[in-house]
Each structure stands twice: as C-alpha cells, then as structure tokens.
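A short write-up of the structure that comes next.
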C-alpha cells in the first residue's frame, strides 16, 4: 500500500505546476481524478490537505482492489500473452497509445496432432495453437525450434516454424 501512496503523491507533486494548463484527463479513474485535481488548489495548506485525503482514498482503493494500476511494460506483456485469444473488447487498456500486437515470437516446447491430423503447437510460454489447414512441413517441427505467429486478415493467424512457410492456426488457450 505504501508504494502506491508514494507513487500517487509523487505524481501529484510533479504535476502541481502544470495543473492550470493540463486539465485532468477523463479516462483516469475518479479516485485519481480527485487526487490530481488537488494540484489546482492555490493555498498550500488546502492543497496538502486535499493530497492527504485523496491519496488516502486512492491507497484504500488499491488495497481493496477497486483501483488497479499497470505500467506500459505490463500492458504490453499482457497484450502479448492474450495474442490470438478470442476475447471481447472490454477496453481494459483504454487508448494506451500503443500499437496492437501484430506478431509474437516463441520457442516450441512440443507438438501433438489435432483431430484433423494437423499439428498442435505448444510454446514454452504455455500458448497452444492448432493447425487449421492441411499444409505440410518440409521439416517436421521439433522442440526448441523458433516460431513466429503473425496476425492475418479477418481474425486469422499464421504460425511459421524456422524459415518454413506459415500454416493457418487458431489459439486454443
């Protein structure tokens, strides 16, 4: 809880001089909007009292789980982990200004076969992809091979092993 309180206070202090020029963005949760709004108070004692009150409320929000924080690296990592999964757009990341993930790279941990005789690829990060077409591989995929999964058109994905052409796949997990 202490690290969030310190981070919130530091954020507020750093932005104090720019408060009049930079209004509080509306995509920020209300608890942090109120904290950042404290910057606009001219009286030092009132500003400090506001910061103390709102930083306490923000810390309580973090402690209860009602308020969460993620930095760009965490968002980027999460987007890579979710790459290929069919999940609804819940706007969890808001407009983070980052490009959508277009491809991921990984290492093959193992393979198996699906009902149609195509490969099931298990990557070291735990992701599993199933081949949806019947394209053969010139060299059979082996554990330790590097793979690249690229986003195709209309929700499709293609996985290539080494320098071989890609096969159409879908994410299983």
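Any read-out appearing in this document is the output of simple, stated calculations on the displayed coordinates, not a laboratory observation. Here the structure is a predicted model, which means the values were calculated and not measured. Positions of Cβ are generated from backbone atoms using ideal geometry, with glycine treated the same way; all protein chains shown enter the neighbour counts.
For residue 133 and residue 156, the difference between the fully extended length at 0.36 nm per residue and the C-alpha to C-alpha distance is 7.1 nm.
Subtracting the Cα-Cα distance of residue 27 and residue 125 from 0.36 nm times their residue separation leaves 32.1 nm of extension gain. Neighbour counting of Cβ atoms within 10 Å sorts the residues 40, 160, fewest neighbours leading, into 40, 160.
The distance from the alpha carbon centre of the range 159-173 to that of the range 98-125 is 6 Å, rounded to a whole number.
Treating r as the C-beta distance of residue 142 and residue 86 and R0 as 30 Å, the FRET efficiency rounds to 0.55.
Take the Cβ atoms of residue 116 and residue 77, set R0 to 41 Å, and the FRET efficiency comes out at 0.80.
As a calculated quantity, the FRET efficiency between residue 109 and residue 68 at R0 = 35 Å, using C-beta atoms, amounts to about 0.70.
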